[in-house]
Amino acid sequence: MLADVDLSLAAWLSAALPPRTEIDFGPPAGRAGERAGRHPAVNVCLHAVDEDTSGLRASEIRLRDETGRASGVALPTRRYALTYLVTAWAGDPVTEHRLLGAVLVAHAGHDHLTGEYLRGGLAEADECLPVYIGRAGLAVHWDRLGLAGHSGLVLTVLAPAVPPLEIGRAHV
């Protein structure tokens, strides 16, 4: 599920960023020294994962076979807020701000990930994934990342995790 969200974000960002902008999902530490002579990059580092408890949690659903006998259980889908630290690396602040601005403009136009951007199991589920900017309110401790302060923003995706069906677990 996390990799599918990464791939979906990469598709969304690729449509919004200038051509040849690299998209990287590793930690941002050391990126400044790696950028010399390379294409500009946007780094999208998973920073926090929190269960979204704002919705009502549904109960499990008992499944029945064609004869009406209980045959399994479908557990409810859970949602998680996946918070990413998004930084831009280009060697100069103006270009980096242009890249971050492109992310903000992309969000202003599409504040959710839909079918054209969804990848993997998320594409199969065909759900809309809300995207928030600055929602988490997490402080970024640049020193813990091995960096001096750097321009960036916090981006949160609300993503579903669909548990597998539990066939054979009919009696609770």
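The values are calculated or read from the model by the stated rules, or taken from the named source; none is laboratory data. The structure displayed is predicted, hence computed values, not measured ones. Neighbour counts are summed over all protein chains in view; Cβ atoms, including those assigned to glycine, are modelled from backbone coordinates with ideal geometry. To get the accessible areas, we keep the full protein, side chains included, count just its heavy atoms, and leave off ligands, DNA and RNA. Shrake-Rupley method; radii C 1.70, N 1.55, O 1.52, S 1.80 Å.
Key figures
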item: For Pro40: the one exception among (1) modelled with pLDDT under 90; (2) open to solvent by less than 70 Å² (accessible area, probe 1.4 Å); result: (1)
item: Which listed residue, of Gly115, Gly91, Gly101, is part of a helix (DSSP H, G or I) and either charged (D, E, K, R) or open to solvent by less than 80 Å² (accessible area, probe 1.4 Å) (or both); result: Gly101
item: Qualifying residues in the range 51-72 (those that are surrounded by fewer than 13 Cβ atoms within 10 Å (Cβ to Cβ), at pLDDT 75 or above and acidic (Asp, Glu)) - the one nearest to Pro28 (Cα to Cα); result: Glu51
item: Test: Pro27 is modelled with pLDDT under 90 and either assigned to a loop (DSSP other than H, G, I, E, B) or among the acidic types (Asp, Glu) (or both); result: yes
item: Residue in the range 153-165 that is modelled with pLDDT of 90 or more and open to solvent by 40 Å² or more (accessible area, probe 1.4 Å) present; result: no
